[in-house]
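Peer 1: Quick one: the structure is below, questions incoming.
The values are calculated or read from the model by the stated rules, or taken from the named source; none is laboratory data. Keep in mind it's a predicted model, so treat the numbers as computed, not measured. Cβ placement follows ideal geometry from the backbone for every residue including glycine, while neighbour counts extend to all protein chains displayed. With ligands, DNA and RNA removed, areas are computed over all heavy atoms of the protein, side chains included. Shrake-Rupley method; radii C 1.70, N 1.55, O 1.52, S 1.80 Å.
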Amino acid sequence: AASNRLAHYLIDRCARAGELVALLLPRSAQAVVAMMAVVKTGAAYLAMDPAAPDARLEFMLGDAAPVAVVTTAALRSRLPESGVTVVQVDDPALAAQPDTALPAPSADDIAYMIYTSGTTGTPKGSVISHRNLTQLIESSPSKLSSGPGVTWSQWHSLVFDVSVWEVFGALLSGTRLVIVPEAVAGSPVDLHALLLAEKVDVLFHTPSAAGMLDPQGLERVTVVLGGEAVPAELVDRWAAGRRVLVNGYGPSECTIYSTMSTLVAGESAVPIGVPVPGAAGFVLDEWLRPVPAGVVGELYMAGRGVGVGYLNRPDLTGSRFVPCPFGPAGSRMYRTGDLVRWR
């Protein structure tokens with residue numbers, strides 16, 4: 001109901017299909033309301049980190065040119081003077097808006113945009129459609145239990161694409177979602193206590209963060225590692241006695257996760273696994289020819305998760321999102337730049 005009210009408010013002012021609405025919000029129930037509201041308008045959301053430097057916020061607002069920013073009264077002062085419409089998710093005036101449902105957006109409308117880290121140059125806005133996101137969630141691997149009676153946690157910052165899976169992967173399947181408070185997220189001891197108290201079943205975590213978390217007592221939790229290479233010693237520490245430990249790999253351009261691997265102790269090199277349902281992976285040489293098993297090549301990902309492209313970067317989009325010679329006419333694959341080999 002709260003997201004419907006905010007969606008109506010945004011539509012009355014500026015939000016519509018093809019537009020971007022920025023969110024300057026901490027991880028919270030309010031943030032989930034805002035995420036849902038924006039996609040209900042048909043627009044796409046762009047999450048911005050309240051802890052980011054002023055220059056980063058200014059760059060994102062200038063590059064993405066959102067039609068509005070949703071924030072709170074406490075965070076409004078973080079926004080530079082830009083003339084963009086500002087909507088406060090905690091504005092009492094929202095209570096007067098209707099809470100009726102809105103028409104569903106088109107599957108080909110963009111759902112969200114997320115910026116790359118920018119470690120290899122200017123940050124790029126990766127655009128993902130509703131079709132990309134919903135088809136990935138619908139084909140979620142069975143090892144990630146979901147549905148009524150199951151509890152997921154939402155640990156990642158909203159500026160990381162795993163947060164999209166945490167929120168919508170849970171809510172679209174009827175799964176209970178526990179939002180980890182900001183103060184708890186940075187404390188391994190407090191996080192451990194929260195996971196136990198809330199009986200969390202699935203935790204998405206980076207390997208570096210998992211390295212600081214005590215696995216004792218968390219044997220019921222399915223841990224999905226991602227965002228970084230997984231050290232073998234971390235697997236040895238976490239795999240014992242656990243129902244399942246998962247390594248998820250995927251660039252933002254391919255909608256969160258492209259491959260998954262169930263991890264077991266004793267691996268000298270931790271594999272990234274095989275493509276998730278609906279995805280395909282090709283290990284190719286410089287002439288786009290498949291290389292034999294065991295031979296190093298570049299990884300290209302294809303399938304339903306391959307995103308729309310980069311915002312306002314047609315040349316870069318054309319060089320990274322390329323025609324797929326192994327699929328139906330018109331299909332594309334994403335050139336990851338990562339070197340891998342089939343085992």
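Peer 1: Quick check: net charge around V150, other residues with Cβ under 14 Å of its Cβ, Lys/Arg +1 and Asp/Glu -1?
Peer 2: Result for the local shell: +2.
Peer 1: A further question on this structure: Sort 6-14, 172-180 by packing, meaning the average of other beta carbons within 10 Å per residue, with the highest value first.
Peer 2: Top of the packing list down: 6-14, 172-180.
Peer 1: A further question follows. Among the lysines, which fall within straight-line cross-link reach of K143, defined as a Cα-Cα distance under 20 Å, with same-chain neighbours fewer than 8 residues apart omitted?
Peer 2: Within the straight-line cut-off, K143 pairs with K199.
Peer 1: Quick one: Karplus J couplings for region 254-259, per residue in order, coefficients 6.51, -1.76, 1.60, θ = phi - 60°, nearest Hz, x for Gly and Pro?
Peer 2: Taking θ as phi minus 60°, the curve returns 10, 6, 6, 10, 9, 9 Hz for region 254-259.
Peer 1: Under 5 Å between amide hydrogens, which residues at least 5 positions from L245 or on another chain qualify, with H placed 1.01 Å from N in the peptide plane?
Peer 2: Answer set, sorted by chain and number: L263.
Peer 1: Then there's this: Sort 151-161, 233-243, 99-109 by the packing proxy (mean of other Cβ within 10 Å over each peptide's residues), most packed first.
Peer 2: Most protected by this proxy first, the peptides run 151-161, 233-243, 99-109.
Peer 1: For the chain, which whole percent of the accessible surface, found with a 1.4 angstrom probe, sits on carbon and sulfur atoms?
Peer 2: Looking at the chain in its full context, I get 56 percent from C and S.
Peer 1: Further, regarding this structure: Build a GNM of the chain with springs between Cα atoms under 10 Å: which of M60, M113, M333 gets the top mean-square fluctuation?
Peer 2: Evaluated over the chain, the most mobile residue of the options is M60.
Peer 1: Oh, and also: If you take every residue apart from G248 with its C-beta less than 13 Å away from the C-beta of G248, what net charge results, scoring Lys and Arg +1 and Asp and Glu -1?
Peer 2: Overall, the nearby charge balance is -2.
Peer 1: Using each residue's phi in region 296-306, evaluate 6.51 cos²θ - 1.76 cosθ + 1.60 at θ = phi - 60° and report the 3J(HN,Hα) Karplus result to the nearest Hz, with x for Gly and Pro.
Peer 2: After applying 6.51 cos²θ - 1.76 cosθ + 1.60, I find 6, x, 8, 8, 10, 10, 10, x, 6, x, 5 Hz.
Peer 1: Return the distance in nm (one decimal) between the two label points of a simple spin-label model at K199 and T122, each offset 7 Å from Cα along Cα→Cβ.
Peer 2: Using points 7 Å along Cα→Cβ, the separation is 5.2 nm.
Peer 1: Which one, (i) 1.49; (ii) 1.00; (iii) 1.04, gives Cα Rg over 2.2 N^0.38 Å as derived from the coordinates shown?
Peer 2: (ii)
Peer 1: Kindly write out, for region 193-207 in residue order, the coupling ³J(HN,Hα) from the Karplus curve 6.51 cos²θ - 1.76 cosθ + 1.60 (θ = phi - 60°), rounded to whole Hz, with x marking Gly and Pro.
Peer 2: 5, 5, 4, 6, 5, 8, 6, 5, 9, 9, 10, 8, 8, 7, x
Peer 1: Based solely on its DSSP helices, what 222 nm [θ] is calculated for the chain when runs of n ≥ 4 H residues each add -39,500 (n - 2.57) and the sum is averaged over all residues, nearest 500 deg cm²/dmol?
Peer 2: It comes out at -6500 deg cm²/dmol, rounded to the nearest 500.
Peer 1: May I pose another question? Suppose every Lys and Arg Cβ carries +1 and every Asp and Glu Cβ carries -1, with no other charges. What dipole size does region 219-321 come out with about its Cα centre, to the nearest 20 debye?
Peer 2: So the magnitude is around 380 debye.
Peer 1: For the chain, with every protein chain kept in place, what is the accessible area per residue (1.4 Å probe, Å²)?
Peer 2: I get 44 Å² per residue for the chain.
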